[in-house]
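See below for the structure under consideration.
Every read-out reported here was derived from the displayed coordinates using simple, explicitly stated rules and does not represent laboratory data. Quick caveat, the model's predicted, so the values are computed rather than measured. In this analysis, Cβ positions are derived from the backbone assuming ideal geometry, glycine residues included, and neighbour counts consider all displayed protein chains.
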Amino acid sequence: MAVLCYHSVCDAWNSPLAMSTTDFAAQCAWLARRFRVVDLPTAASLVDRRGSLPGRVATLTFDDGFADNFDNVLPALRRSGLTGAVFVVAATLDRGHGVDWVDDPPAFQLETLTRAQIETMSNEGIHIGSHSLFHKDLTTLDYAACLEDLETSKAILEEIVRRPVPYLAYPRGLWNDDVAKAAKAAGYLGAFSLPTGPEPVGPFSLPRVGIYRDNGPLQFKVKNLRAYQSARTSRLYKAVRG
């Protein structure tokens, strides 16, 4: 029972970040049959001290704000009666900032959501959150620059959706104490990470489980087990994997 982290849903992009439309539809259908899929604020309030949600509860989040979240994700969520959250890199909206943070870009240009698409998704109940201004590693910024980044991204998105944007997803899941303090000072209520090892759980370190293209049906089901999050981030797991 986890906060699931996706990125793209795109058949043409052969990347760990890009789920196929068929696999994503199957995952949505499975979740709809077996889980109560809640919105992001509800999920944030339910995460326990181990970083897990209660039994049979899940939520879906999507990082980066790719255009296929509107073209492919939104229809799949509609068909399954699910909701989700999209974390947007705000500079792609107002500053002409292209997708320069992907390690394995496709041959075609990756498009991001437009203001109109974000507004439509928000009006349909999709939670819009911040994924920072430029998708920089926030841990490399000094406190003032980090605070400015997070305040600016929040303001841009709130102007579009005309409601508060209370949640942040750290780019690449990376954070430290100064980043968490900046997020709180910028007015966020909480922030989501993507841990690969032991880290504290709290309002500004809410863990998620990454879902990737090569995750088959069994692995997807395992990642939704209540014990998975604590096991995946344990010191023993890290030692075994090297």
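Descriptive notes on the structure:
- Helical content alone sets the calculated 222 nm signal of the chain at -10000 deg cm²/dmol, taking -39,500 (n - 2.57) per DSSP H segment of four or more residues and averaging over every residue.
- Take the Kirkwood radius over Cα pairs of region 1-105, plug it into Stokes-Einstein at 20 °C and 1.002 mPa s, and you get 147 µm²/s for translational diffusion.
- Modelled FRET efficiency - R0 25 Å, A12 with D100, Cβ distances, 0.05 increments: 0.80
- Between T120 and D71, the simple label model (points 7 Å from Cα in the Cβ direction) yields a spacing of 1.2 nm.
- Nearest-0.05 FRET efficiency for L174 and A231, computed from C-beta distance (R0 30 Å): 0.85
- On the basis of the beta-carbon distance and an R0 of 22 Å, R33 and Y212 show a calculated FRET efficiency of 0.50.
- Inter-label distance, nm, simple model (7 Å from Cα along the C-beta direction), T42/Q109: 3.9
- The mean sequence distance of close C-alpha pairs (under 8 Å, at least 6 residues apart), as a share of the length of the chain, puts its relative contact order at 22 percent.
- Label sites at D137 and R79, each approximated as a point 7 angstrom past Cα along Cα to Cβ, lie 3.9 nm apart.
- Out-of-range pairs (alpha-carbon distance over 22 Å; input K136/K221; K154/K181; K136/K181; K136/K184): K136/K221
- The chain, Cα convex hull volume normalised per residue, Å³: 119
- Segments 93-102, 220-229 sorted - mean Cβ within 10 Å per residue, highest first: 220-229, 93-102
- C-alpha center-to-center spacing [region 1-76, region 134-197] in angstrom: 21
- Within the chain, percent of DSSP bridges classed antiparallel, to nearest 5: 10
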